[in-house]
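Engineer: Okay, here's the structure, questions in a sec.
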Amino acid sequence: MNAFLNPNIFLFFLSDQVVLWDFESHSQYQLKPEYVSRLLWIAENHEFNTELNVVDADFCKANIVSDQPFKRQEWGWDVISRIFHLGTKDVPLDTSPDTGSEWAKQYTNSCIETLQENIPPRS
């Protein structure tokens, strides 16, 4: 079937892993080599099959690939500003801050906690 890639994802590379980040949903996945290869194949060929390929099914469940086009938001600035905007939007906080400084403190604490978490592996 036709494959459409989520426009809100990017890959980054650490010394021993490839990480896929969906910056709109705030989801991160450590990709095994077969997932990286398959994602590149899907990107080139624009097709996938969830019934015959477990990797394709995992990508579909994680909302990385779909058989329907993803809704695209018009964005007048560069890609980095879009990643920053969506990546910092709607960050879950324990309480609703009353002031800008309280919001900044909660957001900073949330970032520190996130950096200390292990990236969930994809099998």
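The values are calculated or read from the model by the stated rules, or taken from the named source; none is laboratory data. Model, not experiment: these values are computed from the prediction. No Cβ is skipped: glycine too gets one built from the backbone with ideal geometry, and neighbour counts run over all protein chains shown. Surface accessibility is based on the protein's heavy atoms, side chains included, excluding ligands, DNA and RNA. Shrake-Rupley method; radii C 1.70, N 1.55, O 1.52, S 1.80 Å.
Engineer: Can you go through Glu74, Glu44 and tell me which one is loosely packed, with under 10 Cβ neighbours inside 10 Å and at pLDDT 95 or above? Before you say what the answer is, go through the steps one by one.
Structural biologist: Numbers: Glu74 fails: at pLDDT 95 or above.
Within the list Glu74, Glu44, the selection yields Glu44.
Engineer: Can I ask one more? Name the single residue that is least open to solvent (accessible area, probe 1.4 Å) among those in the range 12-23 being assigned to a strand (DSSP E or B) and more than 11 Å from Ile64 (Cβ to Cβ). Please lay out each step first, then the result.
Structural biologist: Restricting attention to the range 12-23, the residues satisfying the condition of being assigned to a strand (DSSP E or B) are 12-14, 17-22.
Within this subset, residues satisfying the condition of being more than 11 Å from Ile64 (Cβ to Cβ) are 12-14, 17-19.
Working: Phe12: 62, Phe13: 139, Leu14: 78, Gln17: 42, Val18: 25, Val19: 0 Å².
Among them, the one singled out is Val19.
Engineer: If we keep just the residues of the range 89-109 that are at pLDDT below 75 and within 21 Å of Glu24 (Cβ to Cβ), which is surrounded by the fewest Cβ atoms within 10 Å (Cβ to Cβ)?
Structural biologist: It comes out as Pro92.
Engineer: Which one of His46, His26, His85 is at positive phi and free of Cβ contacts under 8 Å to residues at least 60 places away in the same chain?
Structural biologist: On the way: His26 fails: free of Cβ contacts under 8 Å to residues at least 60 places away in the same chain; His85 fails: at positive phi.
Residue meeting the stated conditions: His46.
Engineer: Out of the range 24-35, which residues are more than 8 Å from the chain's Cα centre (by Cα) and either over 21 Å from Leu86 (Cβ atoms) or surrounded by fewer than 18 Cβ atoms within 10 Å (Cβ to Cβ) (or both)?
Structural biologist: Just the residues of the range 24-35 that are more than 8 Å from the chain's Cα centre (by Cα), to begin with: 30-35.
Listed by number, the residues that qualify are Gln30, Lys32, Pro33, Glu34, Tyr35.
Engineer: Given the conditions (1) within 14 Å of the chain's Cα centre (by Cα); (2) open to solvent by less than 100 Å² (accessible area, probe 1.4 Å); (3) within 27 Å of Trp103 (Cβ to Cβ), report the number of the one that Phe59 does not fulfil.
Structural biologist: (3)
Engineer: Since Ser81 meets every condition but one in (1) surrounded by 11 or more Cβ atoms within 10 Å (Cβ to Cβ); (2) under 15 Å from Met1 (Cβ atoms), which condition does it not meet?
Structural biologist: (2) is the only condition that Ser81 fails.
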